[in-house]
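The values are calculated or read from the model by the stated rules, or taken from the named source; none is laboratory data. What you see is a predicted model; the values in this text were computed from it and never measured. Here the Cβ positions follow ideal geometry from the backbone for every residue, glycine too, while neighbour counts run over all protein chains shown. Heavy atoms of the whole protein, side chains included, go into the accessibility calculation; ligands, DNA and RNA do not. Shrake-Rupley method; radii C 1.70, N 1.55, O 1.52, S 1.80 Å.
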Amino acid sequence: AVNLACMLAANPANSVVLVDLDLALGDADVFLDAIPDYTILDVATSISRLDLAMLRKSLTKHELGTYLLPRPYNIEDVSQISTEDFRKVMNLLKASFTHLVLDLSKFFSSMDMVAMQMSDHILLLTQLDLPCLRNVVRILSSLERQDGLIEKIRVVVNRVGIEKNQISFSSAEETINREIFWKVPNNYSVVAESRNNGVPLIKHAPKAAVTTSLSEMAAKLESPMTEQEEVVDDKKEKKGWLKFLSK
């Protein structure tokens, strides 16, 4: 999410804000080496008094152009943010920025659901192993029961090439019953250095394969989807979890 936001902000025509919705354990500020003055708690609890100018002053601007709205400082403060106030924050951010990048939690909280409902795209990250793909199927099944979400989902495979015996893309697509939208190559040492130094990939390693891939994905997300890309193939035969392992 941090790197995608910075890729989008590299386009001078864009104004981008990154919202850290992992309210308990989010670390977007660490990835950007930022010490914010305000958090999403401050903005949400003051939303009735904020205008667009005050909102921008409440955000932390990174040197690469990305604005950050981080998670609360204290874990115990998470419960003070109401879903309704968060929705108002989202509407105000939408009126002020061209792009919102939301880093969700793993809990499918009420705010996570609001974020997905108000988003244009939902990136579902996975790796080419059985537990990850099983969870993709579970998540897709759950979100399919929510109005208007399933068609927004783009499955992104991360750390491609980490192991020689990774499950194949064709088997993965057969298992999750949907096409893979993007493939991000494994470049762990570069990503780890970038993260530990608090420097986004676009600045830390602009020519690395992982940086190029994420930059191209950002451009792809900004371009209109074709009808073929938006169609989910529901006619594929359902496969057992272990079927593809024998191939």
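How large is the accessible surface of PHE181 in square angstrom, using a 1.4 angstrom probe and rounding to the nearest 10?
Rounded to the nearest 10, the figure is 40 Å².
Most fluctuating residue of ASP20, ASP129, ASP147 in a GNM of the chain with Cα springs under 10 Å: which is it?
The residue that fluctuates most here is ASP147.
May I ask you to give the percent of accessible area on the stretch 1-68 that is carbon plus sulfur, with a probe radius of 1.4 Å?
51 percent
So for GLU179, GLU222, what's the accessible-area order with a 1.4 Å probe, most first?
Largest to smallest exposure gives the sequence GLU179, GLU222.
Let me spell out the model: positive unit charges on the Cβ of Lys and Arg, negative unit charges on the Cβ of Asp and Glu, origin at the Cα centre of the chain. What dipole size does that give, in debye rounded to 20?
Value, rounded to 20: 520 debye.
At 1.4 Å probe size, what's the solvent-accessible area of ARG159? Round to the nearest 10 Å².
Answer for ARG159: close to 70 Å² accessible.
Using a 1.4 angstrom probe with every protein chain in place, what is the largest-first accessible-area order of LEU221, LEU143?
Values: LEU221 30, LEU143 5 Å².
Largest accessible area first, the residues go LEU221, LEU143.
For the stretch 60-134, calculate the relative contact order in percent as a whole number, restricting contacts to Cα pairs under 8 Å that are 6 or more residues apart.
About 16 percent, as a whole number.
Output the relative contact order of the chain, whole-number percent, from Cα pairs under 8 angstrom with separation of 6+ residues.
22 percent
With labels modelled as points extended 7 Å from the Cα through the Cβ direction, what inter-label distance (nm, one decimal) is found for ARG49 paired with VAL137?
Spacing of the two 7 Å Cα→Cβ label points: 5.2 nm.
Using a Cα distance threshold of under 19 Å, what count of lysine pairs results for the stretch 51-204 when pairs must be 8 or more residues apart or interchain?
Going through the stretch 51-204 pair by pair, I get 8.
Can you give me the angle between helix 83-96 and the longest principal axis of the chain, using Cα atoms only, in degrees from 0 to 90, rounded to the nearest 10?
80 degrees
At 1.4 Å probe size, what's the solvent-accessible area of GLU193? Round to the nearest 10 Å².
100 Å²
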